[in-house]
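Working notes, beginning with the structure itself.
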Amino acid sequence: MPGRRDSILILDFGSQYTQLIARRVRELQVFCTIAPSATPAAQVAQLRPTGVILSGGPDSVYRHGAPQADPGLFHLGVPVLGICYGMQLMARQLGGEVEGGGQREYGPARLKVGGRSGLLARLGDEEPVWMSHGDRLTREPEGFQVTGSTGSVERAVIEDGRRRLYGIQFHPEVHHTPNGSALLRTFLFDICGARGDWTMASFLEEAVGRVRRQVGGGRVLCGLSGGVDSSVAALLIHRAVGDRLVPLFVDNGLLRQGEADEVMAAFTGRYGLQVRKVDAGDLFLERLAGVTDPEDKRKAVGETFIRVFEEQARRLQADGEITHLAQGTLYPDVIESAGAGGPSAVIKTHHNVGGLPARMQLELVEPLRELFKDEVRALGRALGLAEEFVGRHPFPGPGLAVRVLGEVTREGLDLLRRADACFLGALRRAGLYDEVAQAFVVLLPVRSVGVMGDARSYEQVVALRAVTTQDYMTADWARLPGDLLAAVANDIVNTVPGINRVVYDITSKPPGTIEWE
Ligand code: XMP
């Protein structure tokens with residue numbers, strides 16, 4: 001094992017880009033964490049960070065009540081890089097002056113590099129950068145020199161190489177600053193002396209050790225759904241504690257065609273896990289009978305899942321001493337709950353087993369809580385998880401229950417599964433599955449007239465939905481080729497009796513959502 005791992009601490013002043021800074025740092029293979037802006041210097045010192053980055057933020061540093069940093073931070077001897085608000089705050093707290101009220105500058109600018117700069121060593125004489133700020137620095141603190149400016153901002157970069165304190169007015173983390181990574185690289189490697197050895201292989205080794213120490217001789221219950229997070233968590237814990245991992249797969253009867261069998265075959269066969277499967281499809285259908293409101297359907301599925309899971313957990317606990325519960329919490333959940341002042345181990349009730357650990361006195365095992373989604377995928381690859389699982393589109397917890405609009409019936413699910421298999425099969429064959437973020441079919445509760453051969457038909461309609469998105473908060477409809485859509489429509493109408501019309505959803509999000517319910 002290498003020595004103590006390098007770690008950059010990012011203090012969050014509320015910028016929409018804070019998580020992006022973290023991702024950029026990690027792309028350069030340096031581990032980093034995000035903490036609230038007010039973290040006391042003594043606490044920072046205890047963490048022994050390799051360097052500190054102060055994020056941007058929407059506030060004005062001179063406004064009463066604006067978030068401050070502990071001034072002790074600048075005397076720890078740890079390199080600090082302030083970005084935008086972070087730069088202004090550092091400058092002000094060290095005796096510089098910031099002026100507000102001027103015009104807000106938002107957009108591209110050209111940075112002119114001047115003077116002897118440590119921070120800009122890897123940049124050219126003139127660089128495109130992205131600005132987003134209202135206030136500006138009018139006087140730099142003593143000991144600092146100005147090493148970069150733009151047409152409208154004289155003090156765009158300031159540095160005190162002796163104390164290793166640096167400030168930049170622009171945003172190196174966004175892709176509109178093409179050489180932003182080069183600047184971060186200089187800060188991380190040349191200024192902070194980070195090694196850049198944080199890889200998924202090293203993370204895996206560490207994480208396996210951590211899980212082993214935490215679990216000791218206990219046994220870990222893990223809900224396995226076939227989604228990326230639960231699959232990666234299960235494989236990792238299995239590597240750590242072997243068959244003292246007890247994976248539980250609840251088949252709720254709301255999965256896609258063949259999915260339950262594929263998950264079982266892969267995890268029991270290829271990956272050698274002793275997965276227990278519970279067939280609870282009938283129970284879920286019973287609970288969904290007569291329910292038509294989308295939120296009520298979600299609730300019915302969620303509550304039934306918890307009931308089934310708890311019952312199984314109790315049985316397993318009775319005969320084998322389950323001590324821990326695995327949870328696929330990711331880093332964005334941890335940051336969000338910490339930011340809101342709540343406990344850091346919040347359980348996502350909408351698709352996880354809320355309340356179970358406390359009631360059953362199980363300790364949580366959360367091996368992914370330091371990772372972003374794309375890092376979980378990389379970790380999955382490092383664990384040998386097949387691409388069909390690593391690259392799988394997200395699938396909602398309530399499953400097909402929110403894609404059979406209105407009441408969920410066995411017949412409706414059956415029609416939807418067949419139509420959905422036609423669409424996804426065609427996408428895969430055309431090599432387009434990975435080009436879209438999510439694709440699925442929705443069964444609409446309407447009938448329309450058609451003509452089949454010589455006869456009039458009066459049957460159901462399905463909608464195809466395919467979207468492109470980075471974060472699922474906003475999304476655009478995928479411009480799939482017309483020929484492909486035509487072939488899918490033809491295939492569905494000809495091979496799925498009961499469906500005589502196919503439409504394509506061209507609504508973006510917002511105003512639409514990705515799912516229809
Ligand atoms: P919407 O429809 O809100 O979906 O645009 C955004 C993303 O979230 C997924 N989704 C869910 N996931 N439980 C989940 O686990 C749910 O109740 C749920 N509803 C939507 C959706 O598939 C998309 O990826």
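The values are calculated or read from the model by the stated rules, or taken from the named source; none is laboratory data. As the structure is a prediction and not an experimental result, all values here were calculated from the model. Please note: Cβ atoms are built from the backbone with ideal geometry, for glycine as well, and neighbour counts cover all protein chains shown.
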Check your understanding: Going through the stretch 425-438 one residue at a time, which ones are buried (at least 17 other Cβ atoms within 10 Å of the Cβ), within 24 Å of the chain's Cα centre (by Cα) and not in a strand (DSSP E or B)?
Key -> 433, 436, 437
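Name the residue, out of 164, 185, that is under 25 Å from the mean Cα position of the chain (by Cα) and of a type in the set (Lys, Arg).
That would be 185, the only listed residue that is under 25 Å from the mean Cα position of the chain (by Cα) and of a type in the set (Lys, Arg).
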Check your understanding: Filter the stretch 506-517 for residues that are within 18 Å of residue 420 (Cα to Cα) and surrounded by 16 or more Cβ atoms within 10 Å (Cβ to Cβ); which is nearest to the ligand (Cβ to nearest atom)?
Key -> 514
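How about the stretch 211-314: which strands (runs of 3 or more DSSP E) wholly inside it have at least 1 residues that are touching a His at 6+ places or on another chain (Cβ under 7 Å) and modelled with pLDDT of 95 or more? Explain how you work it out, then say what you get.
Values: elements: 220-223, 245-251, 276-279.
Filter on the stretch 211-314 gives 220-223, 245-251.
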Practice item. Select, from 456, 501, the only residue that is outside any loop (DSSP other than H, G, I, E, B) and either in contact with a Ser or Thr (Cβ under 8 Å, 6 or more places away or on another chain) or not charged (D, E, K, R) (or both). Key: 501
Practice item. Give the stretch 474-498 a look and list any residue that's small (Gly, Ala, Ser), more than 16 Å from the ligand (Cβ to nearest atom) and outside any loop (DSSP other than H, G, I, E, B), or say none. Key: 482, 486, 487, 489
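Please pick out the residue among 301, 308 that is within 30 Å of residue 516 (Cβ to Cβ) and more than 16 Å from the ligand (Cβ to nearest atom).
Step by step, each of 301, 308 is checked, and only 308 is within 30 Å of residue 516 (Cβ to Cβ) and more than 16 Å from the ligand (Cβ to nearest atom).
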Check your understanding: Hey, any hits in the stretch 359-366 for a residue that's of a type outside the set (A, V, I, L, M), within 23 Å of residue 330 (Cβ to Cβ) and outside any loop (DSSP other than H, G, I, E, B)?
Key -> yes
Exercise for review: Identify, by number, the condition in (1) more than 29 Å from residue 262 (Cα to Cα); (2) assigned to a strand (DSSP E or B); (3) within 16 Å of the ligand (Cβ to nearest atom) that residue 441 doesn't meet.
Suggested key: (1)
Practice item. Please state which one of 400, 424 is closer than 19 Å to residue 280 by Cβ and within 16 Å of the ligand (Cβ to nearest atom). Key: 400
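Quick one: how many residues across the stretch 252-265 are hydrophobic (A, V, I, L, M, F, W, C) and touching an Asp or Glu at 6+ places or on another chain (Cβ under 8 Å)? Write out each step before concluding.
Here is the first cut: in the stretch 252-265, the residues hydrophobic (A, V, I, L, M, F, W, C) are 254-255, 260, 263-265.
Checking which are touching an Asp or Glu at 6+ places or on another chain (Cβ under 8 Å) leaves us with 260.
Residues flagged as hydrophobic (A, V, I, L, M, F, W, C) and touching an Asp or Glu at 6+ places or on another chain (Cβ under 8 Å) within the stretch 252-265 amount to 1.
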Review point. If only one of 461, 488, 441, 493 is under 27 Å from the mean Cα position of the chain (by Cα) and surrounded by 12 or more Cβ atoms within 10 Å (Cβ to Cβ), which one is it?
Key: 441
Check your understanding: How do the pairs read when you match residues in the stretch 436-447 that are modelled with pLDDT of 95 or more with residues anywhere that are surrounded by fewer than 17 Cβ atoms within 10 Å (Cβ to Cβ) and in a strand (DSSP E or B), using Cβ under 6 Å and keeping only pairs 6 or more apart or on different chains?
Key -> 436/468; 437/468; 447/458
Review point. Do we have residue 419 as surrounded by 15 or more Cβ atoms within 10 Å (Cβ to Cβ), away from the ligand (no atom under 16 Å from the Cβ) and under 14 Å from residue 502 (Cα atoms) here?
Key: yes
